[in-house]
Amino acid sequence: MSYISKVLEFDEIEDYIVSRGLIKQYKKVKEKILSGDLKSVSFKKRKPKTLNVYQFRINDKYRAFWYFDKKNESVFKIFEISDHQD
């Protein structure tokens, strides 16, 4: 896996985080990812693996889904955060 230098979010992600009170937790997880501590956030590739979609855990309830930027593989883009318990 590539070194991760930057985390980008689609516009609606910020609204989702704010509306569910996840700002502090999300920032903490983002710092862990940028520091290379991927194991503690359950960082993994989703199935089917051919889609190249990954996920990480924000807390027990929420997961973020993302993919590597095609132009710069040290950057990843979060396209969805969802409640995996629904």
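Read-outs: derived from the displayed coordinates by stated rules, not from any lab. Nothing here was measured: the structure is a model prediction, and the numbers come from that model. Neighbour counts are summed over all protein chains in view; Cβ atoms, including those assigned to glycine, are modelled from backbone coordinates with ideal geometry.
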What number results when the radius of gyration of the chain, computed over Cα atoms, is divided by 2.2 N^0.38 Å?
1.02
Considering only DSSP beta bridges where both residues belong to the chain, give the percentage that are antiparallel (nearest 5).
75
Take Asp11 and Asn59, extend 7 Å from each Cα along the Cα→Cβ direction, and tell me the distance between the two endpoints in nm.
2.8
Sort Leu51, Leu22 so the one with the fewest other Cβ atoms within 10 Å of its own Cβ comes first.
Leu51, Leu22
Extension reserve of the Lys45-Lys28 stretch, reckoned as 0.36 nm per residue once the Cα distance is removed
4.0 nm
Under 24 Å from the Cα of Lys28, which lysines turn up, not counting those fewer than eight places away in the same chain?
Lys6, Lys39, Lys44, Lys45, Lys61, Lys77
Once the Cα atoms of helix 23-34 and of the chain are each reduced to a long axis, what angle between those two axes, in degrees from 0 to 90 to the nearest 10, is obtained?
20
